[in-house]
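K.L.:
The structure follows.
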Amino acid sequence: MPSRSQTEKKKLHDFCMKIPKVELHAHLNGSISTDTLQKLSARKSSSDEKASDLAKLAKWKKLTENREQRSLEDCFEIFPLVHKLVDDAEAVAIATRDVIQEFAADNVKYLELRSSPKENPSTGLTRRTYIETVLKEIKQSNYESNGILTRFLLSIDRKVPLPVMGEVVKLAEEFHTSSEGLLVGLDLSGDPFTTNVSDIIPLLSRAKNAGLKLALHLAETDDRSAESLMLLQVPPDRIGHGTFIHPAAGGTDEMEELVNRLKIPIECCLTSNLISRTVKSYSEHHFKYWLNKNHPVVLCTDDKGVFSTNLSEEYRIAAETYNLQNDDLWRISNESINYIFADDATKTSLRDEWQICR
Ligand code: 5GP
């Protein structure tokens, strides 16, 4: 593949920035930028522990900027440091507001944010107020029509006890009805090395029957075929990562056949998967495999803060790695509208917006 000149690289960078984009896999707390983390940290009283957490975050930032690879377990040790700074309603509001504005600045026109609702008795934060706070910020941002439309998915964190998962699903059902279309679905995420998913399946099925859309992390690591098949049989409306679905990647024929038959879109997060070492290199990422099969794929960031990226950068990396042309990038972005969890009227108006930007 011929390498691009500096001028071509600059042109590609500008094009990726300029095209309208859809972001469907963004964890709220993983998306918080360094600027916002500093703002959140300044609200807390100083302590040795805080200084050491910030030093760890700064060190982590450096290695992700250099695209150094770490294990998925190492990545999961970073999130609790962020969570400590987002432990009251005001911090949740600041984080939500800033993350939406940063995606808007990256020319993301439609965003689905996901987050697991947390509680903290010492600050009065409850799972309900967490959700209400995120929804209030989303509503305000949508109302201001600053170029981005946002929807919300509640995440079920795999490490919380089953009764808490049940509570999250109940809250999702309630806010699905009462949030005027803002809360659209559920995500299953969190450390894949925890939990027996067979316990969670009935909750997911219940949510689906109640009209909630499901985006499920599955086949994220290479030793999870049995549970991934169980999750695929629910079935999800979109797949998070899906790295090890097809047999050549370590999955199974049965999984691939199901994903093909149901045409379940796959949310692909190139840099996140590279840094967390679930793929060896960008060129070996499963994005290309599914794209070549004409299967629905969506380029996403996962955790733009934790993995030092943004959506334009992910498009640029895809173009450079897989030799995609501007028309290909535009088509990938435009087709992503098909897979959003919002209603048909929203899809139509986004498609119109894309045509205007062409
Ligand atoms: P939050 O739900 O707190 O807004 O976002 C951060 C959380 O999302 C993490 O603590 C983790 O549970 C989940 N998460 C973020 N990135 C990933 C990922 O790549 N894989 C999985 N399985 N979970 C993730």
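The values are calculated or read from the model by the stated rules, or taken from the named source; none is laboratory data. Small disclaimer: the values here were computed from a predicted structure and weren't measured. Heads up, the Cβs are rebuilt from the backbone with ideal geometry, glycines too, and the neighbour counts pull from every protein chain shown. When the accessible area is computed, the model is the full protein with side chains, heavy atoms only, and any ligands, DNA or RNA have been set aside. Shrake-Rupley method; radii C 1.70, N 1.55, O 1.52, S 1.80 Å.
K.L.:
Which of THR309, THR321, THR221 ends up with the largest GNM mean-square fluctuation for the chain, with Cα atoms connected below 10 Å?
P.N.:
Fluctuation is largest for THR321.
K.L.:
With each label point set 7 Å from Cα along the Cα-Cβ vector, what nm distance links GLU284 and ALA226?
P.N.:
Those two pseudo-labels are separated by 2.6 nm.
K.L.:
While we're here: What translational diffusion coefficient, to the nearest whole µm²/s, does the range 154-242 have by Stokes-Einstein, given a Kirkwood radius computed over alpha-carbon pairs, a temperature of 20 °C and 1.002 mPa s viscosity? Intermediate results must be reported in sequence, preceding the final value.
P.N.:
Details: Rh = 13.0 Å.
Approximately 165 µm²/s, per Stokes-Einstein.
K.L.:
Further, regarding this structure: Which FRET efficiency, nearest 0.05, do ARG261 and THR194 yield, Cβ-Cβ r, R0 35 Å? It would help to have the intermediate numbers written out before the result.
P.N.:
Values: r = 30 Å, r/R0 = 0.85.
After rounding to 0.05, the efficiency reads 0.70.
K.L.:
Also, quick follow-up: For the residue pair GLU353 and ARG206, what label-to-label distance in nm results when each label sits 7 Å from Cα along the Cα-to-beta-carbon direction?
P.N.:
3.5 nm
K.L.:
Quick one: what are the phi-derived ³J(HN,Hα) couplings along the range 303-310, Karplus 6.51/-1.76/1.60 with θ = phi - 60°, whole Hz, x for glycine and proline?
P.N.:
Karplus-based 3J(HN,Hα) across the range 303-310 equals 9, 5, x, 5, 10, 6, 9, 8 Hz.
K.L.:
Output ³J(HN,Hα) for the range 179-193: one whole-Hz value per residue in order, computed from phi by the Karplus curve 6.51 cos²θ - 1.76 cosθ + 1.60 with θ = phi - 60°, and x for Gly and Pro.
P.N.:
Karplus values, whole Hz, x for Gly and Pro: 9, 6, x, 7, 8, 10, x, 10, 10, 10, 8, x, 3, x, 8.
K.L.:
Run the dipole for the range 180-336 about the Cα centre, Lys and Arg Cβ at +1, Asp and Glu Cβ at -1, nothing else charged, and hand back the magnitude in debye, nearest 20. Working shown, then result.
P.N.:
Values: 14 positive and 23 negative charges, 48 e Å.
Computed charge dipole of the range 180-336: roughly 240 debye.
K.L.:
Past the 28 Å Cα-Cα mark, which pairs from LYS39/LYS109; LYS10/LYS304; LYS18/LYS208; LYS59/LYS304? Don't skip to the end; give the middle numbers.
P.N.:
Values: LYS39/LYS109 25 Å; LYS10/LYS304 21 Å; LYS18/LYS208 36 Å; LYS59/LYS304 16 Å.
Check vs 28 Å cut-off fails for LYS18/LYS208.
K.L.:
Once phi is turned into ³J(HN,Hα) by the Karplus curve 6.51 cos²θ - 1.76 cosθ + 1.60 with θ = phi - 60°, what whole-Hz value does each residue of the range 145-160 show in order, with x for glycine and proline?
P.N.:
Listing the rounded values in order: 6, 8, x, 9, 10, 10, 10, 10, 10, 7, 8, 8, 7, 4, 8, 7 Hz.
K.L.:
What percentages, rounded to whole numbers, describe P(r) for the range 278-339 computed over all alpha carbon pairs with 5 Å bin width beginning at zero?
P.N.:
Here the calculated profile for the range 278-339 is 3, 16, 27, 31, 16, 5, 0.
K.L.:
Then there's this: Using 0.36 nm per residue of separation minus the Cα-Cα distance, give me the extension gain between LYS139 and ASN338 in nm, one decimal.
P.N.:
Separation in residues times 0.36 nm, less the Cα-Cα distance, equals 69.4 nm.
K.L.:
Also, I was wondering about something else. So for the range 78-139, taking the charge dipole from beta-carbon charges (+1 Lys/Arg, -1 Asp/Glu), which of LEU81, GLN101, SER115 sits furthest toward the positive end?
P.N.:
Of the options given, the answer is SER115.
K.L.:
For LEU149, what residues show an amide H to amide H distance below 5 Å, using hydrogens built from the backbone and excluding near sequence neighbours?
P.N.:
Close amide H contacts, sequence-distant or interchain: TYR110, LEU111.
K.L.:
For SER155, what residues show an amide H to amide H distance below 5 Å, using hydrogens built from the backbone and excluding near sequence neighbours?
P.N.:
SER115, SER116, ASP187
K.L.:
With a 1.4 Å probe and all protein chains left in place, how much of the accessible area of the chain comes from carbon and sulfur atoms, in whole percent?
P.N.:
The nonpolar share, carbon plus sulfur, comes to 50 percent.
K.L.:
What whole-number distance in Å separates the alpha-carbon centres of the range 29-107 and the range 323-344?
P.N.:
29 Å
K.L.:
Residues in the range 242-285 near a label at LEU63, defined as backbone nitrogen under 11 Å from the 7 Å Cα→Cβ point?
P.N.:
The answer is 276.
K.L.:
Please report, in whole Å³, the volume per residue of the convex hull around the C-alpha atoms of the range 44-142.
P.N.:
Details: hull volume 13.0 nm³, N = 99.
Value for the range 44-142: 132 Å³ per residue.
K.L.:
Over the chain, one equal point on each Cα, no solvent: what is log10 I(q)/I(0) by the Debye formula at q = 0.13 Å⁻¹?
P.N.:
-1.03
K.L.:
Which one of ARG277, ARG261, ARG316 has the biggest mean-square fluctuation once the chain is modelled by GNM with Cα springs under 10 Å?
P.N.:
Highest fluctuation among the options: ARG261.
K.L.:
Continuing with this model, one more query. Round to the nearest 10 and report in Å² the accessible area of GLU137, as given by a 1.4 Å probe over the protein chains' heavy atoms.
P.N.:
Ignoring ligands and nucleic acids, GLU137 comes out at about 30 Å².
K.L.:
Antiparallel as a % of all DSSP beta bridges within the chain, to the nearest 5? Mind dumping the intermediate values first?
P.N.:
Working: 1 of 32 bridges.
Antiparallel: roughly 5 percent of the beta bridges in the chain.
K.L.:
Pull out the extension gain between ASP74 and LYS18, defined as 0.36 nm times the separation in residues minus the alpha carbon to alpha carbon distance; nm, one decimal.
P.N.:
16.8 nm
K.L.:
Also, I was wondering about something else. With a 1.4 Å probe and all protein chains left in place, how much accessible area per residue does the chain have, in Å²?
P.N.:
Solvent-accessible surface per residue comes out at 42 Å².
K.L.:
Next up: Run the Debye formula on the Cα coordinates of the range 231-358, all scatterers equal and no solvent, and tell me log10 I(q)/I(0) at q = 0.23 1/Å.
P.N.:
Taking Cα atoms of the range 231-358 as identical point scatterers yields -1.50.
K.L.:
May I ask for the percentage of alpha-carbon pairs in the range 1-105 that lie more than 19 Å from each other?
P.N.:
Working: 3102 of 5460 pairs.
So the pairs more than 19 Å apart make up 57 percent of the total in the range 1-105.
K.L.:
Report, in listed order, any pair from LYS50/LYS118; LYS56/LYS170; LYS139/LYS280 with a Cα-Cα distance greater than 31 Å.
P.N.:
The answer is LYS56/LYS170; LYS139/LYS280.
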